[in-house]
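To keep things clear, I will list the structure first and then write my remarks on it.
Each value in this text was obtained by applying a stated rule to the coordinates, not by laboratory testing. Remember, it's a predicted structure, so these values are computed and weren't measured experimentally. Ideal geometry is used to build each Cβ from the backbone, glycine not excepted, and the neighbour counts take in all protein chains shown.
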Amino acid sequence: MRPALELRDLLDQVRELVRVELSLFRAELGERTREIPASLMAVVVGGVLLCVSLGLVLVAASLSLLRFGLPLDLAFLIVAVVAIVISLILLRLGVSALKPSRLVPAKSISQISSLLGGF
């Protein structure tokens, strides 16, 4: 009769361990998905800045062609290039933060798979 009780205790402990690991998995997944809005905002702001920057480059190029390099044209061009660089940096940061590999809770998955792989 004793081995049956020990087996039941073991199954109860395994069930509790799986429950705890799944709750940890849910918590880690929730933590990872909280970063999505900020990353999306960086992508949107970077995209808008890129569009505005390209518009400024076209305006600066047009003014440069019309006036052959007045300092105001050069200023427009410098501002546009700086805005493009900033927007590309924001786009890259936002897109890299949205990679699926960064959103997957790797610790919980590895713990659950090792737990289930042991049986």
Check: Between residue 89 and residue 54, 0.36 nm times their residue separation minus their Cα-Cα distance comes to what?
Finding: 11.1 nm
Margin query: What does the extension gain come out to for residue 20 and residue 78, with contour length at 0.36 nm per residue minus their alpha carbon separation?
Written below: 15.3 nm
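Using a Förster distance of 35 angstrom, determine the FRET efficiency expected from the C-beta separation of residue 5 and residue 27, and round it to 0.05.
My answer for the efficiency is 0.60.
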Next item on the list: Count neighbours as other Cβ atoms within 10 Å of each site's Cβ, and list the GluC sites (Glu not before Pro) in region 1-56 that are DSSP loop with at most 10 such neighbours.
Entry: none
